[in-house]
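Values in this text are rule-based calculations from the coordinates and carry no lab data. Quick caveat: nothing in here was measured; it's all calculated off a predicted structure. Because the Cβ atoms are built from the backbone with ideal geometry, glycine has one as well, and the counts that use them run over all protein chains shown.
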Amino acid sequence: MPRSGTSLVEQIIASHPAAHGAGELEFWTDVVRKHEGAIRKEPPSESLRRKLASDYLGALARHSKDATRIVDKAPGNCDYLGLIHCVFPNARVIYLRRDPVDTCLSCYFQQFSPRMNFTTNLADLADYYRGHQRLMAHWRRTLRPGTLLEVPYEGLVADQEGWTRKLLDFVGLPWDEQCLNFHETERTVTTASVWQVRQKIYKSSLERWRNYEKFIGPLLELNDLHA
């Protein structure tokens, strides 16, 4: 989901000298838009898979030619994990999971582009979140074991080093102390979290929704989804 901690995790990994954060790429959204008819009928052919792999690696190389790991943190990629896994079966997927009410409330407070108009209505946000969770449950069942790492935002805040080590190990990078000092890393960040990733990890965003509890009725039902 947007506002779940994806920029933070990208910044942590991008602070590693062998990694690079490419931001939110539109590659897979564009691919699905272009090839939707064929993809809906059957898995992509071998020739299409090779072409998509070559095109995507070329797109990543334009962001960094030296990095051994590159992060594409577009939240919308979760919609296309079946296609991505089909083209790159060894790719690693990091899924950020944050308190659903905090996540949705943070979306509501943010001025997103018009195409994300579901974020302007609390009931719509709650429905979108439920649909998102159903989709993620599907990927958990169908993706090959070891493909997906779920990172609880609250857990990352509580144990920064422990989860940073898990993240680096998951993507096959050796430990580097600079990843704990991610706020010192100088790189371009264009998401709504541009200022947050310049700060050390803080706890003030945890259970922020309690300050607005009497105003956010449609979101409170999502508490049942938080375990």
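Please compute the net charge surrounding Glu154, taking Lys and Arg as +1 and Asp and Glu as -1 over other residues with Cβ under 13 Å from its Cβ. Could you put the intermediate results ahead of the total?
Values: positive: Arg97, Arg98, Lys203, Arg208; negative: Asp99, Asp102, Glu150, Asp159, Glu207.
For residues surrounding Glu154, the net value is -1.
Remark on Val71: its backbone amide H falls under 5 Å from those of His20, Gly21, Ala22, a criterion applied only to residues 5 or more positions apart or on other chains, H modelled at 1.01 Å from N. Ordering Ile216, Ile13, Ile201 from the fewest to the most neighbouring beta carbons within 10 Å gives Ile201, Ile216, Ile13. Residues Met1, Met136, Met116 in ascending order of nearby Cβ atoms (within 10 Å, fewest first): Met116, Met136, Met1.
Scanning residues 5 or more positions from Arg97 or on other chains, those with amide H under 5 Å from its amide H are Val151, Tyr153, with H placed 1.01 Å from N in the peptide plane. Rounded to the nearest 20 debye, the dipole magnitude of the chain is 500 debye, with +1 charges on Lys and Arg beta carbons, -1 on Asp and Glu beta carbons, and the Cα centre as origin. Farthest toward the dipole's positive end in the range 48-187, which of His183, Ala158, Leu83, given Cβ charges of +1 (Lys, Arg) and -1 (Asp, Glu) about the Cα centre? After comparing all options, I get Leu83. Only the Cβ atoms of Lys and Arg (+1) and of Asp and Glu (-1) were treated as charged; on that basis the dipole of the range 41-106 about its Cα centre amounts to roughly 220 debye. Here the Debye sum runs over all C-alpha atoms of the chain as equal scatterers in vacuum, and log10 of I(q)/I(0) at q = 0.09 Å⁻¹ comes out as -0.39.
If the limit is 28 Å between Cα atoms, which of Lys166/Lys214; Lys41/Lys166; Lys51/Lys166; Lys166/Lys203; Lys41/Lys65 go over it? Numbers along the way, then the final one.
Values: Lys166/Lys214 38 Å; Lys41/Lys166 38 Å; Lys51/Lys166 32 Å; Lys166/Lys203 20 Å; Lys41/Lys65 35 Å.
With Cα atoms farther than 28 Å apart: Lys166/Lys214; Lys41/Lys166; Lys51/Lys166; Lys41/Lys65.
In plain terms, the chain from Ala91 to His35 could stretch by 18.0 nm, reckoned as 0.36 nm per residue minus the Cα-Cα distance. Can you give me the Cα centroid spacing of the range 84-108 and the range 13-44 in angstrom? Between the Cα centre of the range 84-108 and that of the range 13-44, the gap is 14 Å.
Each of the peptides 76-83, 57-64 was scored by the mean count of other Cβ atoms within 10 Å over its residues; in descending order, highest first, they stand as 76-83, 57-64.
Please name which of Ala123, His35, Ser204 has its Cα lying farthest along the dipole of the range 6-225 towards the positive end, using unit charges on Cβ (Lys, Arg +1; Asp, Glu -1) and the Cα centre as origin. With unit charges placed on the Cβ atoms, the residue in question is His35.
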